[in-house]
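Below: one structure, written as structure tokens.
The values are calculated or read from the model by the stated rules, or taken from the named source; none is laboratory data. Computed from a predicted model, the values in this text were never measured in an experiment. No Cβ is skipped: glycine too gets one built from the backbone with ideal geometry, and neighbour counts run over all protein chains shown.
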């Protein structure tokens, strides 16, 4: 039997209709693909990230100490960038902060009867405590261990500190009970104890493992008020401490070993004298600022819900002309990731269902004061569904996420982006972790938070070597991609957000 073929002939009108229908279907497919994958990884720009870090860690910004001109310059830079990226409702929150601008400082040691003095260099062998008092002191030194004076452990018991300059170790020994040690944890705590025993100044030898023996390490926050306006406090490198203890009763390494081995005081008077002269301008209520900008959501209902992405903008500042703490990793790297996310999320086909609020906080170096002020002043807290915090992502060997102990759903959402196809190299925590840094304030409000930071990334923590040249561009870019993808996912609508119960918390009930 002969096969017959059937040919369908379309009219010109049908051809046109078919072509139009194909274009519509193709357009829908492309739109769906864009919606599924609107943020290709190659759009994250290492150059853009580094540009912000290099700018904010440069000398004109003077280390971005909150309450100073350098921080105000950083604020102006960030505001220009936010507006250039097209963020809406760019606004600032002003609040007062404790600020101590150290104009210059001198520190020497000498042996009585000798005409020679060992002159140390600010920013090289020592720096001032962030809230040091001003003034000139010249006196014999006495070593009092960790500076603890308690009825169960008293390092001042057999020492006459009256009219002397006390030398203490930073931190506290691990074996000291918290009920005792918590009263002597900060530099102001140790300084107040020293002053009660008649001392006129304090030298703290840095034994922290988060910096090298020859690096000065600054801390703006020195403990609770009141301010000790005429009580000088210096922070010495460990190498500087070693030199001071040379030819004394025992080397500093031996003194530390003896204290920790015996769990008993090993205080003693030094032969050498110290001389310090500090000029500092202190203000109890200097003005500082948070700054924010928004991408408004597109969903008619969900656009009232807000995802907050934030990082701390301030740093530890500059002391005199020779001691600059650039803060490239801590935390210009976090600021760069926030700004880069803003650039990408306003320049791609991505359109969030929820609104995204980008916030750069001040006061991060003072117990995260800026994030607390944000929660105090922001009028839409009940609409905030989640907070993504970025901290020092420019160094270390891998990315780390904090918050799985409190908010496993949010943590798992962020972790889900560490796939085989998009490997970010996220290290998994051995034990569940809680939010830290600026996220602590949000946690107090029961706002789900996740912190994106790095593992083993504190080798330049608050030191003069925290410069842009020490930024690891590979891990920086990977972390910034994870930040952007997490925020985009949260704003996409699949995340369930806060519980109704948590939205009943009021900021005024938070205690710290």
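Values as computed for the structure displayed
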read-out	value
Matching residues in the range 113-138 - criterion: being assigned to a loop (DSSP other than H, G, I, E, B) and more than 19 Å from residue 244 (Cα to Cα)	130, 131, 132, 133, 134
Residue among 37, 47 that is modelled with pLDDT of 95 or more and surrounded by fewer than 16 Cβ atoms within 10 Å (Cβ to Cβ)	47
Selection count, the range 358-380, where residues are over 19 Å from the mean Cα position of the chain (by Cα) and either outside the structural domain of residue 73 (by TED's automatic domain parsing) or buried (at least 20 other Cβ atoms within 10 Å of the Cβ) (or both)	0
Boolean, residue 304 is more than 30 Å from residue 241 (Cβ to Cβ), surrounded by fewer than 24 Cβ atoms within 10 Å (Cβ to Cβ) and not assigned by TED's automatic domain parsing to the domain that holds residue 121	yes
Selected residue (criterion: surrounded by the most Cβ atoms within 10 Å (Cβ to Cβ)) from residues of the range 386-400 that are assigned to a strand (DSSP E or B), modelled with pLDDT under 95 and in contact with a helix residue (DSSP H, G or I) (Cβ under 8 Å, 6 or more places away or on another chain)	399
Test set (1) touching a strand residue (DSSP E or B) at 6+ places or on another chain (Cβ under 7 Å); (2) farther than 23 Å from residue 76 by Cβ - residue 379 fails condition number	(1)
Every pair of residues 6+ apart whose Cβ atoms lie under 6 Å, when the first sits in the range 211-222 and is assigned by TED's automatic domain parsing to the domain that holds residue 463 while the second is at pLDDT below 95	none
